[in-house]
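Presented below is the structure to which this report refers.
The values are calculated or read from the model by the stated rules, or taken from the named source; none is laboratory data. What you see is a predicted model; the values in this text were computed from it and never measured. Cβ coordinates were reconstructed from backbone atoms using ideal geometry, including for glycine residues, and neighbour counts include every protein chain displayed. Keep in mind that these areas ignore ligands, DNA and RNA; they rest on the heavy atoms of the full protein, side chains included. Shrake-Rupley method; radii C 1.70, N 1.55, O 1.52, S 1.80 Å.
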Amino acid sequence: MPIFNSSMWPIFLACRQLFPPRRFPVFAFVSTLGVAFGVTALLVVQTVMFSFGEEHRKRIRESVGDVEIHANGSPMSPVASLEKSLLEHQEVLAAASYIQGGVILKSDDGEFRLIGARGIDVRNEPHVTPLSNYLQRGKMEDMDDERVILGSRLARELRLGIGSQILLVSSGRVSKALDEAAPFLPKELEVCGIIHTGFADIDERLVLITLRTARELFSLPPGSATRTHVKLKDHTQAADFAKKLDHHFSETGLSLKATPWTDNRKAFLDAVAMEKELLFFLMFIIILVASFSIGSTLFNHVVRRTREIGLLGALGGRPAQILGLFLAQGLIIGSAGYALGTGLALLILHFRQKIIALMGAGETLLEQYRFDSVPLHYDFHDFTKTAVLTLVLMLTVSILPALWAARRKPSEAMRDAG
Amino acid sequence: MPVDPQFPRAAAPVLQASALAKSFKTPHGSLPVLDGVSLDIEAGRFVSIRGASGAGKTTLLQILGGLDRADSGELHWNGERVSGRGNAFLANRRARWLGYVFQAYHLVPELTALENVALAGRIAGRPRRETNTDASALLERVGLSGRMTHLPGQLSGGECQRVALARALVNHPRLILADEPTGNLDEHTGEEIMALLLELTKAENVALILVTHNIAFANLASQTLVLRHGKLHDETNGDNPENRSV
Ligand SMILES: Nc1ncnc2c1ncn2[C@@H]1O[C@H](COP(=O)(O)OP(=O)(O)OP(=O)(O)O)[C@@H](O)[C@H]1O
Ligand SMILES: [Mg+2]
């Protein structure tokens, strides 16, 4: 027989009143479900919003490195010595330079696209960004001055594969050609790899070429690059390190600029974070409404027990213990609801892909958030925040009925019962 | 709660009340219910109280048991002054040496017979094992050894009242306050409960204050009191009601 320790009797009784033996616990069941659904809604929305933001941050960091050094678009030269001086900082793990520019890609079929070309240092780049992790076909080492890697969606749209021939022309050169009748200088290249990151901005419009090919394409001097990015030992130090570099550049009269990865698409990420806060607030209101209905059910539950409140007083139960008896019921419902709600949320998040497919929302997702699947990143903070919120709300709605019960005079409470 | 080293003071009367007065505030003014009630109960004694409906019997029992407070007058339990003490003190003493039996049983519907009895021990802060042993022994004594795991909803009225008797006795109280314990029962069952109540209180030398409408039961007491016009009148041995006021 589960009879608790003597000082625990309010908790023992609270459990019994919530889960009466040999009877379906209607009150506990309904209230717990109410809390659980609220918790599920809150957690799913918060986690999805957080995941989008987090995925974007991850992609940004993966494509630009922790800190980027550039000269406001003009080429920097020689980058080799810049890289060397950067590596002298103890915060820096690796450095690599690259050239980013707009190009027109034309396939053998005559189809063309305006995309971005990134000329990378094949040897150093993998130490700064994990692009090679996303290679669907081919290897980074296969790349040379004649061979390139294409984004997966781009390759599919243009029906290109390993071994396909493409033409690249710098878009700057096209515009120059229009003005001055200068030659286009197209470059013929062969596809040697396909990269698939799941992030449409890259998969749809990126071609990876070598640094040398890029210099040729964009008519940049040997030894130059438009950007140098570094990987830090601790990426959370990016902003501080960028500030330090900026300070150093202006002291030594270099017209260079250091940008931490966190400055990338800041407005967009702030908007996502803000949207998350807003949704939290809206959900909070919904949950507040639900809490009040649970509160009124709880009040009913307490009032129906007036005779027991009087009895417990007559048996020597102290008001604080009566308070505890009913607060415990609110907290038990809150905790059970939180646990159930969290489980449900994890389940929904686990099957998110299927649910989105059922809703037919895949296209919207791609257009709005540029991901071909819903990313999943859990923020522990969302879970603790929801737990605290649930418990605070449940305490708030149970404190009134509990106080009401604790303040009943046993003599009158017993009379109520007849 | 620190235990008073002199508690209980064996020599002192179990209960001493003097000049208790109580009136209720109603929308139509003050309603006097008790008007100078005095009463002494020695250990192991049995006192009955009768009185018309609304005379204030329940009110008096509630005041004697510390569930309500008198407007004036003095109340001592085992020689300890009760009037003016805090609720925590009252709750502690109620749990440890007082037992209640009510007309309406007042069992917790979600607890089994055994748990209902043990609950009183748990509230009194006694160890689990000890109360469980006492509870099952008492349930056996009231003839419910086969009903320990029954819920109140699965017991008859008489059985419920037996559980309530066991509960009132589980902490080895020195005084039992019984408010019409047979009021909801048929005559035969009422007699059984009454016999059990007397047997158990006598065996443990527990004092008993019994409120009842049943003259036969009332006359079993060593002292028969009647509450009338807010005062207690001693009618032991069929004395003329108007003669003696306690
Ligand atoms: N809280 C209260 N407020 C106002 N009046 C009350 C209150 N409690 C009791 N009374 C009144 O006090 C009087 C005495 O009530 P009490 O219950 O003590 O009577 P009783 O002798 O036990 O009656 P019965 O035999 O019917 O049980 C009644 O008139 C009742 O209406
Ligand atoms: Mg009464």
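Structure summary
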| read-out | value |
| --- | --- |
| Percent antiparallel among DSSP beta bridges (both partners in segment B:131-246, rounded to 5) | 50 |
| Protein-protein interface of segment A:19-36, residues with accessible area decrease of at least 20 Å², isolated chain reference, 1.4 Å probe | A:21, A:22 |
| Portion, in percent, of the accessible area of the protein assembly as shown that falls on carbon or sulfur, probe 1.4 Å | 57 |
| Gain upon complete extension [residue A:136, residue A:385; 0.36 nm per residue less C-alpha separation] | 85.7 nm |
| Peptide-level mean, for B:116-124, of C-beta atoms on other protein chains within 10 Å | 6 |
| Sorted largest first, extent of segment A:246-292 alpha carbons per principal axis (Å) | 64, 15, 10 |
| Which of B:76, B:100, B:183, positive extreme of dipole for segment B:15-238 (C-beta unit charges) | B:76 |
| Residue of A:258, A:290, A:36 that the Gaussian network model of chain A assigns the largest fluctuation, springs spanning Cα pairs under 10 Å | A:290 |
| Computed helical MRE - 222 nm, chain A, DSSP H runs ≥ 4 contributing -39500 (n - 2.57), nearest 500 | -18000 deg cm²/dmol |
| Residue of B:48, B:30, B:222 that the Gaussian network model of chain B assigns the largest fluctuation, springs spanning Cα pairs under 10 Å | B:30 |
| Value of Rg/Rh across chain A [Cα atoms, Kirkwood radius] | 1.21 |
| Dipole in debye (nearest 20) - chain A, about Cα centre, beta carbon charges: Lys, Arg +1; Asp, Glu -1 | 2420 |
| Cut-off under 5 Å, modelled amide H: who pairs with residue B:232 long-range | B:38, B:246 |
| Protein-protein interface of segment A:287-309, residues with accessible area decrease of at least 30 Å², isolated chain reference, 1.4 Å probe | A:307, A:308 |
| Entries in A:106/A:266; A:106/A:176; A:231/A:276 that, when Cα-Cα distance is taken, lie over 23 Å | A:106/A:266; A:231/A:276 |
| Solvent-free Debye scattering, log10 I(q)/I(0), computed from the Cα coordinates of segment A:97-231 at q = 0.13, 0.17 Å⁻¹ | -0.49, -0.86 |
| Partners for residue B:57 among lysines (Cα-Cα distance below 30 Å; same-chain residues under 8 apart left out) | A:409, B:22, B:25, B:202, B:231 |
| Reduced Cα scattering model of segment B:1-129, Debye log10 I(q)/I(0), q = 0.09, 0.10, 0.11, 0.12 Å⁻¹ | -0.32, -0.39, -0.47, -0.56 |
| Charge sum, other residues only, whose C-beta stays under 12 Å from residue A:319's C-beta, Lys/Arg counted +1 and Asp/Glu -1 | +4 |
| Size of the B/A contact, given as accessible area buried on both chains, probe 1.4 Å, in Å² | 3000 |
| Helix runs (DSSP H) in chain A reaching 24 Å along axis by Cα, Kyte-Doolittle at least 0.0 | A:26-64, A:266-303, A:319-350, A:380-406 |
| Listed residues A:296, A:97, A:51, most fluctuating in chain A (Gaussian network, C-alpha, under 10 Å) | A:296 |
